[in-house]
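Report on one structure; see the data block that follows.
The values are calculated or read from the model by the stated rules, or taken from the named source; none is laboratory data. On a predicted model such as this, the values are computed, not experimentally measured, just so you know. Here the Cβ is made from the backbone with ideal geometry for all residues, glycine too, and neighbour counts use every protein chain on show.
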C-alpha cells in the first residue's frame, strides 16, 4: 500500500515542478524520473536548480522530510537556513487592520498573556511577542513569577490595618485572603513603613522604609556601586521602579546574599528581579542558602545601628 501511494504521488508531479536535467544532475536523471525513482541527484536538482524546499520535495516524492535532508547532506548539497526559502511577501506580509489596537487592548487592558492572545488572534505566540516589541508595548516578565500580575494589597488597607491598627502581616493576610509574604511585598513596593520585628517594637524608631534602609547600608551601597547598579527611589510597584530588571550574575548575587547578608526579598528590591527568580538563579549557580529562621544579617546589622 505504501509503495502504491508513493507511486501515485510520484505520478502526480507536474512538469512545472520537474525541470529537464541540468549540468548538476546525472546523465540518467530523466530516465530515473520516468521510472518514479528519486536518487540523490534528482533531489539535489529540485533543491538547487528548482529552489524547492525540503518540505515541498518530500511532498512531491512521498519521502520523509528527514530522509530528504539526509540524502541532500550525503550528496554534499549546502542546505539553506530554515525559512529562507519563503518569499519576502510571505515573511513581511502587512498586518491586518486593527491588529495593533487589538493586541494593545488584550495585553495592556485585559492583561492576557501572549499564549491567550495567540488563540484569539490566530497569530503564533512567538509572533505575538515579536509584534508587541515592534509596537513599542512594554512586555511583562514571563512565567509563574510574573512581577506585574502578582497579587498586591491596596495602600489604604495597609496603612489602616498595618500602620494604624497595628495588625501583623499574617493577620492582615488572613483577613483579606492573601499570604503574609504578599502583604509585606506590597508594603515594600508601596513605601509603607514595615516593622522589623513583627508586632514587637524595637528600641528607638520601630518603623523603616525597607528600600531606604537598604540604600543606607554601607555594605550594600558598596556592592551596588561596584556592579554599576543605580539606586532607584522607593514608591510604586516593583516593575514600575525597574521596567528592565538588573541582570543577575553569580558575583552580584553572592555579594548581596553572603557578603551583605541581604535576603531574597531585599535583592528583589534593589534589582527588580523577583525573589523566586533570585532563588532559582542561586540553585542553578550552585550558591548555597542560609539556614531558615531568624532575621537576615542585614536586618540584624540595621537593628544594631538603630539601637
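Computed quantities for the displayed model
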read-out	value
Output for segment 36-55, where each listed residue is at pLDDT below 85 and part of a helix (DSSP H, G or I)	40, 41, 42, 43, 44, 45, 46, 47, 48, 49, 55
Options 172, 229, 238, 176; residue that is in the same structural domain as residue 273 (by TED's automatic domain parsing), over 18 Å from residue 295 (Cβ atoms) and modelled with pLDDT under 85	238
Any hit, segment 136-152, residues being modelled with pLDDT of 85 or more, closer than 30 Å to residue 99 by Cα and not in a strand (DSSP E or B)	yes
Within segment 232-256, tally of residues that are over 25 Å from residue 154 (Cα atoms) and in contact with a helix residue (DSSP H, G or I) (Cβ under 7 Å, 6 or more places away or on another chain)	6
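To keep it simple, each residue is scored yes or no on (1) modelled with pLDDT of 85 or more; (2) more than 24 Å from the chain's Cα centre (by Cα); (3) part of a helix (DSSP H, G or I); (4) surrounded by 10 or more Cβ atoms within 10 Å (Cβ to Cβ).
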| site | (1), (2), (3), (4) |
| --- | --- |
| 86 | no, yes, no, yes |
| 89 | no, yes, yes, no |
| 94 | no, yes, no, no |
| 100 | yes, no, yes, yes |
| 103 | yes, no, yes, yes |
| 108 | no, no, yes, yes |
| 111 | no, no, no, yes |
| 117 | yes, no, yes, yes |
